[in-house]
Amino acid sequence: MTGLATGDVFVLGAGAMAEAFIRGVLQRGALQPAQLCVVSRNPQGRAVALQGQYGVRAGSYAQAAQARLVLLAVKPGDAADALAQVEPYLHGQPLVSFAAGVTMRWLEEQVQGKSPVVRTMPNLPVAVLAGVTAVAFPEHGLLPADRAWIRFLLEQLGTVVEVPESLMDAVTAVSGSGPGFVCAFLEAMEQTAQRLGMDPQLARPLLLQTLAGTAQALREWELSPAELRQRVASPGGTTQAGLAVFERGGLAALVSEALTAAANRSAELGQAFVSTGRR
Ligand SMILES: NC(=O)c1ccc[n+]([C@@H]2O[C@H](COP(=O)([O-])OP(=O)(O)OC[C@H]3O[C@@H](n4cnc5c(N)ncnc54)[C@H](OP(=O)(O)O)[C@@H]3O)[C@@H](O)[C@H]2O)c1
């Protein structure tokens, strides 16, 4: 743990994302329950439920003052109100935001420059500690030990990749919406498997292990998807017959259009959180 900061973490919001974080850091022993303080909008609501389930403290906004790190885990539309509540208790503790589309500049303005701001984009599988979180760190103002600690804490939820903030809309399309796109493909495969005679109890494990196994093979053999595809598709074989249909139907162009639409929509939603010019 050399080079890592340590201390208490204040979690603003007590929903799905807050719970994924809490579960991850506790299950893996990265933090003790007493180091986590959580606040929900309704003081008797979900924060208290998390206290009962994980032994963390359900607290008040003022407890952010004692924390070494503040996590923003409220919906983007609630971020301004939630930050206004903690802003008086900030004195340089880094603020790590999970809020999709909310820019670093806007966050800095909300907290009047009192905290260095880190923006993240986790995806849904963080809830089962197998997610991927893209992180944009600020260029200045964050201590190396805090940066290493933030990365370490996020790694408890799965893989972490560092990106410049300018790539966040693209990340949102690829890994944020990615589970939805993968599921749409799986859904179509599952429906066809049933048409070909399988019942869902048989089709589902075949599909899920095909997905997980392909990902593992790509990682272990350090191959690109194109390379592995070529290995599976022998000339004149079954895979090649299916891939020819994808090619005729323009799968690559369709996927490109879908991801571009997602990235554009992310940029549109983020328009509400560009700089206000206030600070
Ligand atoms: N879930 C995911 O997989 C995922 C993935 C990527 C990004 N995110 C981001 O993570 C953030 C949280 O999403 P979520 O799915 O966890 O939302 P959620 O389940 O709806 O939870 C939101 C929490 O915020 C609390 N809250 C709202 N206003 C507050 C305030 N003023 N003070 C204190 N707490 C307040 C709510 O309190 P009450 O319980 O009292 O209503 C609730 O506990 C979002 O910004 C989202 O963009 C989530």
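Is it fair to say ALA100 is near the ligand (Cβ under 7 Å from one of its atoms), part of a helix (DSSP H, G or I) and surrounded by 18 or more Cβ atoms within 10 Å (Cβ to Cβ)?
no
Is the stretch 255-268 home to any residue that is more than 28 Å from the chain's Cα centre (by Cα), modelled with pLDDT of 95 or more and open to solvent by less than 90 Å² (accessible area, probe 1.4 Å)?
No, the stretch 255-268 has no match at all.
Among all residue pairs at least 6 apart or on different chains, which show Cβ distances below 7 Å where the first residue, located in the stretch 1-27, is on the phi > 0 side of the Ramachandran plot and within 11 Å of the ligand (Cβ to nearest atom) and the second is at pLDDT 95 or above and part of a loop (DSSP other than H, G, I, E, B)?
From the stretch 1-27, the pairs are GLY13/SER40; GLY13/ALA73; GLY13/VAL74.
Quick one: which residue in LEU26, LEU72 is closer than 22 Å to LEU143 by Cβ and either touching a Leu at 6+ places or on another chain (Cβ under 7 Å) or of a type in the set (A, V, I, L, M) (or both)?
The match here is LEU72.
Can we say VAL126 is assigned to a helix (DSSP H, G or I), in contact (Cβ under 8 Å) with a residue 60 or more places away in the chain, of a type in the set (A, V, I, L, M, F, W, C) and not assigned by TED's automatic domain parsing to the domain that holds ALA262?
yes
Each row is one residue, and each column tells you yes or no for (1) of a type in the set (A, V, I, L, M); (2) surrounded by 15 or more Cβ atoms within 10 Å (Cβ to Cβ); (3) modelled with pLDDT under 95.
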position	(1), (2), (3)
TYR89	no, yes, no
LEU142	yes, yes, no
VAL182	yes, no, no
PHE185	no, no, no
ALA188	yes, no, no
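Report, by residue number, each residue of the stretch 129-141 that is farther than 21 Å from ALA5 by Cα and either in a loop (DSSP other than H, G, I, E, B) or more than 11 Å from the ligand (Cβ to nearest atom) (or both).
Those that are farther than 21 Å from ALA5 by Cα and either in a loop (DSSP other than H, G, I, E, B) or more than 11 Å from the ligand (Cβ to nearest atom) (or both): LEU129, ALA130.
Is it the case that some residue within the stretch 156-169 is over 14 Å from the mean Cα position of the chain (by Cα), within 15 Å of the ligand (Cβ to nearest atom) and either modelled with pLDDT under 95 or crowded, with 23+ Cβ neighbours inside 10 Å (or both)?
No, every residue in the stretch 156-169 fails to be over 14 Å from the mean Cα position of the chain (by Cα), within 15 Å of the ligand (Cβ to nearest atom) and either modelled with pLDDT under 95 or crowded, with 23+ Cβ neighbours inside 10 Å (or both).
Of all residues being small (Gly, Ala, Ser) and touching a helix residue (DSSP H, G or I) at 6+ places or on another chain (Cβ under 6 Å) in the stretch 50-61, which is nearest to the ligand (Cβ to nearest atom)? Just the residue, please.
Within the stretch 50-61, the match that is nearest to the ligand (Cβ to nearest atom) is ALA58.
Pick from the stretch 28-49 the residues that are part of a loop (DSSP other than H, G, I, E, B) and within 16 Å of the ligand (Cβ to nearest atom): which of them is surrounded by the most Cβ atoms within 10 Å (Cβ to Cβ)?
By that ranking, first place goes to SER40.
Checking the structure you have, find out if any residue of the stretch 64-86 is of a type in the set (D, E, K, R), open to solvent by less than 20 Å² (accessible area, probe 1.4 Å) and more than 8 Å from the ligand (Cβ to nearest atom).
no
The values are calculated or read from the model by the stated rules, or taken from the named source; none is laboratory data. Only a predicted model underlies this, so the values are computations on that prediction, with no experimental measurement involved. Glycine also receives a Cβ, built like all others from the backbone with ideal geometry; neighbour counts cover every protein chain displayed. Please note that ligands, DNA and RNA were not included when accessible areas were found on the heavy atoms of the full protein model with its side chains. Shrake-Rupley method; radii C 1.70, N 1.55, O 1.52, S 1.80 Å.
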